[in-house]
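A.B. asks: Starting off with a structure, shown below.
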Amino acid sequence: MIWYPYEQMKTMKDPYRIIDAEGVYLYTEDKKLIDSISSWWSVIHGYRHPKITKAIKDQADKFSHVMLGGLTHDSVIRLADKLKDFLPGDLDYCFFSDSGSVAVEVALKMALQYYVNQNKFERTKILSLTHSYHGDTFKTMEAGDDEDYHFILKAYGVSPNVVHVDTTIEALEEAFDKYHNELNCFIVEPLLQGAGGMRMYDISFLKRARELCDKYDVLLIFDEVATGFGRTGYRFVSDVVLPDIIVLGKALTGGHIGHAATVAGKKVYDGFYSDDPDHALMHGPTFMGNALACSAALASIEAFEEGNYMDRIAHIAELTRETMEGFTAPGIKDVRMMGGCVCIEVEDSSLLKGYQEFAYERGVFARPFLNYLYAMVPYVISDDELLKVLNTMKEWFEEK
């Protein structure tokens with residue numbers, strides 16, 4: 001049987017069975033559903049995008065995969081070259097993997113080994129945000145601060161190698177003042193903390209973080225797995241504040257196939273470039289640089305560029321704000337909006353019980369969690385479809 005994610009298998013309700021998907025729609029045997037969360041924020045172009053689908057089929061006609069150990073291929077070379085041009089600054093050095101969690105693991109390993117290669121063995125600590133989420137693998141859980149994973153603390157205790165700070169400049173400065181000699185990196189979900197509750201904060205915090213990382217020689221890592229490709233209203237937050245390492249996933253392939261990238265700047269890359277074999281990055285996922293995934297990513301990036309997506313995202317943000325700004329109802333704690341994301345936070349999670357079924361009956365797929373009802377729609381959504389998603393959210397509270 002299938003062991004489903006984030007579910008107590010004994011009590012979970014049956015998932016909706018999808019038989020087809022196209023554009024913003026998921027199809028069950030009896031319903032046509034707008035996917036309001038883009039399959040965990042990845043399907044930015046909608047489903048069955050013709051350009052991406054063709055790229056995958058064309059590559060499959062040649063070969064689907066070859067390892068990158070001792071081999072290479074045109075699709076991965078082209079994708080690395082494309083990302084070099086597409087990403088800001090000197091984020092030129094691409095290490096590929098097969099999921100966002102693994103890509104963050106790679107970034108954290110890079111940061112630690114960067115200093116080990118310099119014999120700076122005291123640089124063992126990671127600075128991270130409170131309420132942060134960076135993935136489900138063990139080091140990413142350690143770096144994060146997601147309550148769902150606090151069971152780890154019961155087994156292992158609080159990690160001595162992670163320091164968490166809130167998103168105030170005062171807290172940030174205090175942390176750097178106290179720990180800077182021990183830090184190897186500061187990792188953040190820039191501007192928008194996803195699984196931690198769609199928490200949003202100001203760009204000034206990241207600008208100060210860049211200054212402090214420069215002052216104390218600490219690597220700055222942007223986990224843009226969820227925030228990249230326009231979700232915050234910026235193409236990448238890294239366009240505004242340049243990190244030393246950026247992590248990409250989810251929308252990298254338009255959600256058509258799993259793939260991720262850890263992309264480093266020259267300073268980091270040079271920390272491994274050596275005649276000493278011990279200075280090499282010893283990591284190698286079997287399916288890194290998968291040919292199908294690289295082909296999909298290339299087509300997805302081209303679709304992003306050709307589709308005037310930043311204007312689309314600005315329009316989604318404007319219509320969302322017009323529809324949701326000032327909305328309140330009993331039990332609502334906050335309504336937050338940023339780029340292609342809107343979140344209603346409630347005082348008590350019981351207020352959201354039954355919403356998924358409510359939305360399903362109205363032709364919308366949603367997946368609230370904890371105290372958060374949110375939407376992260378595909379960028380190809382029409383105004384009428386977006387309004388249907390937003391009004392369904394509002395109607396839930398108005399009908400209570």
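A.B. asks: If you take the beta carbon distance between Asn391 and His283 as r and set R0 to 60 Å, what does 1/(1 + (r/R0)^6) give as a FRET efficiency, to the nearest 0.05?
C.D. replies: On the way: r = 46 Å, r/R0 = 0.77.
Efficiency for this residue pair is about 0.80.
A.B. asks: Next question. State which entries of Lys62/Lys250; Lys154/Lys267; Lys54/Lys139; Lys31/Lys394; Lys32/Lys54 exceed 31 angstrom in Cα-Cα distance in the structure shown.
C.D. replies: Working: Lys62/Lys250 25 Å; Lys154/Lys267 38 Å; Lys54/Lys139 36 Å; Lys31/Lys394 21 Å; Lys32/Lys54 25 Å.
Beyond 31 Å between Cα atoms: Lys154/Lys267; Lys54/Lys139.
A.B. asks: Sticking with this one: Round to the nearest 0.05 the FRET efficiency obtained for Phe272 and Glu361 when R0 = 51 Å and r is the Cβ-Cβ distance.
C.D. replies: Once the sixth-power term is evaluated, E becomes 0.40.
A.B. asks: Using the Cα centre as the reference, give the magnitude of the dipole from point charges on the C-beta atoms of segment 316-400 (Lys, Arg: +1; Asp, Glu: -1; all else neutral), rounded to the nearest 20 debye.
C.D. replies: Using Cβ point charges on Lys, Arg, Asp and Glu, segment 316-400 gives about 220 debye.
A.B. asks: Using 0.36 nm per residue, how much length does the chain from Glu305 to Glu29 gain when fully extended, once their Cα-Cα distance is taken away?
C.D. replies: 95.9 nm
A.B. asks: Find, among the chymotrypsin sites (Phe, Trp or Tyr not before Pro) in segment 199-282, those assigned to loop by DSSP (not H, G, I, E, B) with at most 14 other beta-carbon atoms within 10 angstrom.
C.D. replies: Working: sites: Tyr201, Phe205, Tyr216, Phe222, Phe229, Tyr234, Phe236, Tyr269, Phe272, Tyr273; in loops: Tyr201, Phe229, Tyr234, Phe236, Phe272, Tyr273.
Loop-located and lightly packed - Tyr273.
A.B. asks: Which value, in debye to the nearest 20, describes the size of the charge dipole of the chain about its Cα centre when Lys and Arg Cβ atoms bear +1, Asp and Glu Cβ atoms bear -1, and nothing else is charged?
C.D. replies: 540 debye
A.B. asks: OK, next. Is the shape of segment 238-295 best called rounded, prolate or oblate, per the rule: a/c under 1.5 gives rounded, else a/b larger than b/c gives prolate, else oblate, with a ≥ b ≥ c the square roots of the Cα gyration tensor eigenvalues? Could you put the intermediate results ahead of the total?
C.D. replies: Working: a/c = 3.54, a/b = 1.34, b/c = 2.63.
Verdict is oblate for segment 238-295.
A.B. asks: Right, here's the next one. If each DSSP helix of 4+ residues adds -39,500 (n - 2.57) and the sum is divided by the residues in the chain, what number results at 222 nm, nearest 500 deg cm²/dmol?
C.D. replies: Working: 13 runs with 142 residues, N = 400.
After summing the helix terms and dividing by the residues of the chain, the value is -10500 deg cm²/dmol.
A.B. asks: Another question about this same structure. Gap in Å between the Cα centre of segment 85-117 and the Cα centre of segment 323-384?
C.D. replies: The distance from the Cα centre of segment 323-384 to that of segment 85-117 comes to 33 Å.
A.B. asks: Let me ask something else. Considering only C-alpha atoms, what is the centroid distance from segment 177-216 to segment 1-59, in Å?
C.D. replies: Here the two parts' Cα centres lie 33 Å apart.
A.B. asks: From the protein chains alone at 1.4 Å, what is the descending order of accessible area for Met310, Met110, largest first?
C.D. replies: Met310, Met110
A.B. asks: Set the Förster distance to 22 Å, then compute FRET efficiency between His150 and Glu170 from the Cβ-Cβ distance, nearest 0.05. Provide the component values of the computation, followed by the final result.
C.D. replies: Details: r = 25 Å, r/R0 = 1.16.
Calculated value: 0.30.
The values are calculated or read from the model by the stated rules, or taken from the named source; none is laboratory data. Everything numeric in this text was worked out from a predicted model, so none of it was measured. So basically every Cβ, Gly included, is an ideal-geometry build from the backbone, and we count neighbours across all protein chains shown. All accessible areas refer to the heavy atoms of the entire protein, side chains included, with ligands and DNA or RNA removed. Shrake-Rupley method; radii C 1.70, N 1.55, O 1.52, S 1.80 Å.
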